[in-house]
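Engineer: Take this structure, written in structure tokens, and hold onto it; I'll ask about it next.
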Amino acid sequence: MASSGKFGRIRPLTVMAQGDKKEGLDGKTGGQDIYFPLNGGDFSDAGAGSKSLRSELAALGVPAQVIRRAAICAFEAEINVIIHAVAGSLHYLIEGETLTITVTDMGPGIADIGLAMKEGYTTAPDWAREFGWGSGMGLPNIKKNADALVIDSVPGEGTTLEITINLASPSNARQE
Amino acid sequence: MTVQELIGRLGLELKNNGCVEAAINGCYASDMLSDVLANGKEGNIWITRQTHPNVVAVAAIKGLSGIIVTGGRQIEAETLEKAASECIPVMSTPLQTYDMVGMVYNLLLKNEER
Ligand SMILES: Nc1ncnc2c1ncn2[C@@H]1O[C@H](COP(=O)(O)OP(=O)(O)O)[C@@H](O)[C@H]1O
Ligand SMILES: [Mg+2]
């Protein structure tokens, strides 16, 4: 589904086993790219990516409040794929002091990103609400906790979130 | 106040092998998981009716001291196991959320006054 959205090509879904590591993906070097597949409607893999991220960051000695911000972003993005999309994946890359979390899915895409970013806006189905999701706070939570958030979405094709966290500056914390 | 003390004072049923020596510094009550991710504070005890494994991820990410499930709801085995592996105590009460919140509120208030 290579397609041109606002920020160019949407990354094609890479099918890999959970937790597979790939060195120097996307032409970058020195980092480690770790993939987690996600399936729409299936909570069984929910949180696998954010959990792995938490332990990797803890092992690197990243401050607890920065780990918390990164994990909130990763978990909310994972849940969004499971609730709103068909299938997708989360991967994260730690390069020096920069963490990049990329969550990409195969649709349905977001028609109005401005509206989706509004706190309280939700199209979550009833089954998701029963599980306590669908308060329309997920994307606002990600925005609040990330140092940078880029959303690239093409209706009918898919959505990619690129979340950047500066691991070295707890003073950037948006939440105490 | 520790989770262990809270269990004793309120007659809660501990459902797993969580870390009951953790200190409680307050409480958050909500059934919406993004709300807890946004507004729960590290060390808070969480009162909810949600029982599926996603609650464990929320509690672990936020560093909550424990989860109290109200209304005597059946808690999935996977939730209890995952919580134990994250050292999070999961407790059960037959009381509904309103009553449980009131009791925890009074207890933590009295504890502060001492
Ligand atoms: N990956 C996605 N694919 C399609 N739509 C999405 C995706 N993520 C978010 N959305 C849309 O944006 C809305 C708001 O998302 P969010 O703030 O996370 O709240 P919630 O998930 O509780 O509905 C969703 O209800 C949905 O309409
Ligand atoms: Mg959401």
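The values are calculated or read from the model by the stated rules, or taken from the named source; none is laboratory data. Computed from a predicted structure; not experimentally measured. In this analysis, Cβ positions are derived from the backbone assuming ideal geometry, glycine residues included, and neighbour counts consider all displayed protein chains. For the accessible areas, the whole protein counts, side chains as well, though only heavy atoms, and no ligand, DNA or RNA atoms are used. Shrake-Rupley method; radii C 1.70, N 1.55, O 1.52, S 1.80 Å.
Engineer: Run lengths n ≥ 4 of DSSP H only: what is the helix-derived mean residue ellipticity at 222 nm for the protein assembly as shown, with -39500 (n - 2.57) per run over all residues, to the nearest 500? Intermediate results must be reported in sequence, preceding the final value.
Structural biologist: Details: 10 runs with 100 residues, N = 290.
Helix contribution divided over all residues of the protein assembly as shown: -10000 deg cm²/dmol.
Engineer: Compute the signed sum of charges (Lys and Arg +1, Asp and Glu -1) over the other residues within less than 11 Å, Cβ to Cβ, of A:Ala87. Mind dumping the intermediate values first?
Structural biologist: Working: positive: none; negative: A:Asp42, A:Asp45, A:Asp105.
The answer is -3.
Engineer: While we're on this one: Indicate the residues belonging to the stretch A:33-71 that lose 50 Å² or more of solvent-accessible heavy-atom surface (probe 1.4 Å) upon moving from the chain alone to the assembly of all protein chains, ignoring ligands and nucleic acids.
Structural biologist: Buried by the other chains: A:Arg54, A:Arg68.
Engineer: Something else: What distance in nm lies between label points placed 7 Å from Cα along the C-beta direction at B:His52 and B:Glu5?
Structural biologist: Spacing of the two 7 Å Cα→Cβ label points: 3.6 nm.
Engineer: Quote the total accessible area buried by chains B and A together, excluding ligands, DNA and RNA, probe 1.4 Å, nearest 100 Å².
Structural biologist: On the way: alone 5980 and 8560 Å², together 12770 Å².
Separately minus together, B and A give about 1800 Å² buried.
Engineer: Of B:Ser85, A:Ser135, which has the most accessible area with a 1.4 Å probe, and how do the rest follow in descending order? Show your work: numbers first, answer last.
Structural biologist: Values: B:Ser85 85, A:Ser135 25 Å².
My answer, sorted largest first, is B:Ser85, A:Ser135.
Engineer: For the protein assembly as shown, count all C-alpha to C-alpha pairs, find those more than 36 Å apart, and express that count as a whole percent of the total.
Structural biologist: Working: 6996 of 41905 pairs.
Result for the distance tail: 17 percent.
Engineer: Mind checking the full-extension length gain between A:Ala58 and A:Glu130? Use 0.36 nm per residue of separation minus the Cα-Cα distance, one decimal, nm.
Structural biologist: Working: separation 72, 0.36 × 72 = 25.92 nm, distance 3.22 nm.
Gain in length upon complete extension: 22.7 nm.
Engineer: Can you give me the accessible area per residue for the protein assembly as shown, using a 1.4 Å probe, in Å²? Mind dumping the intermediate values first?
Structural biologist: Values: 12770 Å² over 290 residues.
Solvent-accessible surface per residue comes out at 44 Å².
Engineer: Still on this structure, please answer the following. Of the accessible area of chain B, with the probe set at 1.4 angstrom, what percent is carbon plus sulfur? Provide the component values of the computation, followed by the final result.
Structural biologist: Numbers: 2480 of 5080 Å².
Answer for chain B: carbon and sulfur cover 49 percent of the accessible area.
Engineer: Kindly sort B:Tyr28, B:Tyr105 by accessible area of their heavy atoms, largest first, with the probe set to 1.4 Å. Intermediate results must be reported in sequence, preceding the final value.
Structural biologist: Working: B:Tyr28 55, B:Tyr105 145 Å².
Highest to lowest solvent-accessible surface, that is B:Tyr105, B:Tyr28.
Engineer: Could I ask something else about it? Assigning unit charges at the beta carbon (Lys, Arg +1; Asp, Glu -1) and nothing else, what dipole magnitude in debye, to the nearest 20, does the stretch B:3-113 show about its Cα centre? It would help to have the intermediate numbers written out before the result.
Structural biologist: Working: 8 positive and 13 negative charges, 21 e Å.
The dipole of the stretch B:3-113 has a size of about 100 debye.
Engineer: Taking only the Cα atoms of the stretch A:62-176, how large is their convex hull per residue, in Å³? Numbers along the way, then the final one.
Structural biologist: Values: hull volume 11.1 nm³, N = 115.
Here the figure is 97 Å³ per residue.
Engineer: Still on this structure: Taking square-rooted eigenvalues a ≥ b ≥ c of the alpha carbon gyration tensor, is the stretch B:50-114 rounded, prolate or oblate, where a/c under 1.5 means rounded and, failing that, a/b exceeding b/c means prolate?
Structural biologist: Here the stretch B:50-114 falls in the oblate category.
Engineer: How much of A:Arg129 can a 1.4 Å solvent probe reach, expressed as accessible area in Å² and rounded to 10?
Structural biologist: Here the residue's solvent-accessible area equals roughly 100 Å².
Engineer: For B:Leu64, what charge total do you get from the other residues with a beta carbon under 12 Å from its beta carbon, if Lys and Arg give +1 and Asp and Glu give -1?
Structural biologist: Working: positive: A:Arg68, B:Lys41, B:Lys62; negative: B:Glu42, B:Glu86.
Taking every other residue near B:Leu64 into account, the sum is +1.
Engineer: Gap in Å between the Cα centre of the stretch B:35-77 and the Cα centre of the stretch A:76-153?
Structural biologist: 21 Å
Engineer: I've got another one for you. If each of A:Tyr121 and B:Tyr105 carries a label point 7 Å out from its Cα toward its Cβ, how far apart are those two points in nm?
Structural biologist: 3.4 nm
Engineer: Give, in nm to one decimal, the length gained when the segment between B:Ala23 and B:Glu113 is fully stretched (0.36 nm per residue of separation minus the Cα-Cα distance).
Structural biologist: Details: separation 90, 0.36 × 90 = 32.40 nm, distance 1.66 nm.
Additional length available on full extension: 30.7 nm.
Engineer: Roughly how large, in nm² to one decimal, is the mean projection of the convex hull of the alpha-carbon atoms in the stretch B:3-113?
Structural biologist: On the way: hull surface 23.1 nm².
For the stretch B:3-113, averaging the hull's shadow over all directions gives 5.8 nm².
Engineer: What number, in percent, do you get for the relative contact order of chain B if the mean sequence gap of Cα pairs under 8 Å and at least 6 apart is divided by its residue count? List each step's numbers first, then the result.
Structural biologist: Numbers: 222 pairs, mean separation 33.7, N = 114.
Across chain B, relative contact order equals 30 percent.
Engineer: Next question, about the same structure. Which whole-number percent of Cα pairs in the stretch A:38-123 have a distance greater than 14 Å?
Structural biologist: Working: 2371 of 3655 pairs.
In whole percent, the share of Cα-Cα pairs in the stretch A:38-123 beyond 14 Å is 65.
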